[in-house]
Amino acid sequence: MLYGPFTQCLPMSGLPLHGGLLDEQLSIIEDAGIVIRNGRIVEIGSFESLKEVFPDEQRISISDKKVVALPAFVDCHTHLCWGGNRVHDYALRVAGKSYLEIAETGGGIMDSVRATRAASEEELVAVILNQVQDHLKRGIATIEVKSGYGLSVDDELKMLRAIQTANEQTAAILIPTFLGAHLKPSDFEGSNRDYLEMLIREVVPVIKKEKLAARADIFVEQGAFSIEEAEWYAKEMQDLGFEMTMHVDQFSKGGAELAVSLGCVSADHLEQTQDEAAVRFGNSDTVAVALPGASLGLGMQFTPARTLLDNNASLAIATDWNPGSAPMGDLVTQAALLGASQKLTIVETLAAITYRAGYALRQHVGTIEKGKEARVTIFETDDYRNIFYRQGQLRPHCTIIGSDCNIYD
Ligand SMILES: [Zn+2]
């Protein structure tokens, strides 16, 4: 099938993983076509020349308007599997209570834990598929999903099994991450270290046996886990074959250096990260993941994305979609707002939600390249810059995933 013509096609291939990017570095194919066979990209180029080279290919025009094609987006950090909601927390927060104060009065993460424990596996699958469908409509076709609202052996496994089942039922790629180390639950008797040891002893063997996740995460924060506890846990999990990622530097500092020194695949949040820590990212393969949805949800400062890029970091942007601090879940809106605040070029913002976010997940996604599975999102516009200029209000017309073209508007 020959798709096109596209007024612009942005393959996003051949760009560097690290550091700042200028819009002039972006290669744009004008009046482009894409040849897809059996769900894979066979060729990308000028529509007119592809018509000659592939005369027998079925031609598919996406829209009678001008359209722009770019890689389907990647959301490399979400908690979109949850029970209940946290609207009560929201009301307290906007009335002036802090995140930690709300947590100390039984709100916060433990509130979602109670509702998630009460939900059946089937109910969680339905929640995931519902939110994944919202993401597909926003042009996002690769989505990381964390556990971390079960916090018991059975409930963490229930979440991971729900993610695995949902992954079989959606066109999106779901990448599961084990976040049993989100918080020591209030009903666990023992120390933080006892809790982490319990996860390794009782949950991890089942995760490995059922291939439920190859990545693990820990929340390094006052009220969650200390730097020392996280260091011990991460090394144990890495020895067991897990790729590690960490929630760090959201409210207090120090976790980012730990994540980089341990070779974590990503270090996420970084709102408090300062220059000394930002420098470390430049010489590492640990992707710095900014979560502007959490900054917006909590009314906090943004991650210093400009400083990180200027220090040669690989920067990704993700939604952190969760029921508490980041309920919006709109990647393009959040990336556009972060870009405006931090003075990111459009190509830096685009890289952060495509191939650099793919790199944070160590997945080869987020580009349009020959030989790869087709994952292409298409907007009705004649200029890709409108996607960020409109701050999320311009929605994709459709997304091609493999051999299917899903039209959303
Ligand atoms: Zn998170």
- [ ] Please work out if T165 is under 16 Å from D320 (Cα atoms) and polar (S, T, N, Q).
- [x] no
Open item on the list: Could you check region 10-37 and list, in sequence order, the residues that are surrounded by fewer than 14 Cβ atoms within 10 Å (Cβ to Cβ) and among the small types (G, A, S)?
Closed with: G14, S27
- [ ] Those residues that are within 14 Å of the ligand (Cβ to nearest atom) and surrounded by 24 or more Cβ atoms within 10 Å (Cβ to Cβ), I need them from region 298-307; list them, please.
- [x] T303
- [ ] Take the residues in region 147-162 that are of a type in the set (A, V, I, L, M) and not in a loop (DSSP other than H, G, I, E, B), then tell me which one is surrounded by the fewest Cβ atoms within 10 Å (Cβ to Cβ).
- [x] V153
Open item on the list: Here is a check on your reading of the model: is D285 of a type in the set (D, E), assigned to a strand (DSSP E or B) and either within 16 Å of the ligand (Cβ to nearest atom) or assigned by TED's automatic domain parsing to the domain that holds F225 (or both)?
Closed with: no
- [ ] Go through (1) under 25 Å from the mean Cα position of the chain (by Cα); (2) crowded, with 17+ Cβ neighbours inside 10 Å one by one and return the number of the condition A171 breaks.
- [x] (2)
Task: Evaluation of S186 against (1) touching a residue at least 60 places away in the same chain (Cβ under 8 Å); (2) assigned to a loop (DSSP other than H, G, I, E, B); (3) polar (S, T, N, Q); (4) under 26 Å from I317 (Cβ atoms) (one fails), failing number - done: (4)
TODO: Please work out if A360 is touching a residue at least 60 places away in the same chain (Cβ under 8 Å), open to solvent by less than 10 Å² (accessible area, probe 1.4 Å), small (G, A, S) and within 30 Å of S284 (Cβ to Cβ).
DONE: yes
Open item on the list: Based on this model, can you work out whether I346 counts as among the β-branched types (V, I, T), within 14 Å of the ligand (Cβ to nearest atom) and at pLDDT 95 or above?
Closed with: no
- [ ] Report, by residue number, each residue of region 161-172 that is within 19 Å of T245 (Cα to Cα) and in contact with an Asp or Glu (Cβ under 8 Å, 6 or more places away or on another chain).
- [x] none
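Would region 310-321 turn up any residue that is of a type outside the set (S, T, N, Q), out of contact with any strand residue (DSSP E or B) (no Cβ under 6 Å at 6 or more places or on another chain) and either modelled with pLDDT under 95 or within 16 Å of the ligand (Cβ to nearest atom) (or both)?
Yes, region 310-321 has at least one match.
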TODO: Would you check if D268 is out of contact with any helix residue (DSSP H, G or I) (no Cβ under 6 Å at 6 or more places or on another chain), among the charged types (D, E, K, R), under 16 Å from E221 (Cα atoms) and outside the structural domain of R385 (by TED's automatic domain parsing)?
DONE: yes
Open item on the list: Among the numbered criteria (1) farther than 30 Å from A162 by Cα; (2) open to solvent by 50 Å² or more (accessible area, probe 1.4 Å), which one does R40 miss?
Closed with: (1)
Open item on the list: Which condition from (1) over 30 Å from A256 (Cα atoms); (2) open to solvent by less than 50 Å² (accessible area, probe 1.4 Å) is the one that E369 breaks?
Closed with: (2)
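Output yes when any residue across region 322-345 is over 27 Å from T399 (Cα atoms), open to solvent by less than 20 Å² (accessible area, probe 1.4 Å) and under 19 Å from the mean Cα position of the chain (by Cα), and no when none is.
Here is the first cut: in region 322-345, the ones over 27 Å from T399 (Cα atoms) are 324-325, 341-343.
From what's left, open to solvent by less than 20 Å² (accessible area, probe 1.4 Å): 324-325.
Next, only the ones that are under 19 Å from the mean Cα position of the chain (by Cα) stay: 324-325.
Checked against the condition, which is being over 27 Å from T399 (Cα atoms), open to solvent by less than 20 Å² (accessible area, probe 1.4 Å) and under 19 Å from the mean Cα position of the chain (by Cα), region 322-345 yields at least one hit.
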Open item on the list: Just checking, does region 158-169 include any residue being closer than 20 Å to D268 by Cα, away from the ligand (no atom under 16 Å from the Cβ), in contact (Cβ under 8 Å) with a residue 12 or more places away in the chain and hydroxyl-bearing (S, T, Y)?
Closed with: no
TODO: Could you grab me the full set of residues in region 176-188 that are open to solvent by 20 Å² or more (accessible area, probe 1.4 Å) and hydrophobic (A, V, I, L, M, F, W, C)?
DONE: L183, F188
Task: Answer residue from region 322-334, given it is outside any loop (DSSP other than H, G, I, E, B) and within 16 Å of the ligand (Cβ to nearest atom) and is nearest to N130 (Cα to Cα) among those - done: L331
Open item on the list: I'm trying to understand the selection: among the residues of region 372-390, which are buried (at least 19 other Cβ atoms within 10 Å of the Cβ) and out of contact with any strand residue (DSSP E or B) (no Cβ under 7 Å at 6 or more places or on another chain)?
Closed with: E380, F388
TODO: Output the residue which, of all residues in region 234-266 that are more than 20 Å from the chain's Cα centre (by Cα) and of a type in the set (G, A, S), is nearest to Y99 (Cα to Cα).
DONE: S252
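The values are calculated or read from the model by the stated rules, or taken from the named source; none is laboratory data. Owing to the predicted nature of the structure, the values given are computational and were not obtained by experimental measurement. Please note: Cβ atoms are built from the backbone with ideal geometry, for glycine as well, and neighbour counts cover all protein chains shown. We work out accessible area using only protein heavy atoms, side chains counted, and drop any ligands, DNA or RNA first. Shrake-Rupley method; radii C 1.70, N 1.55, O 1.52, S 1.80 Å.
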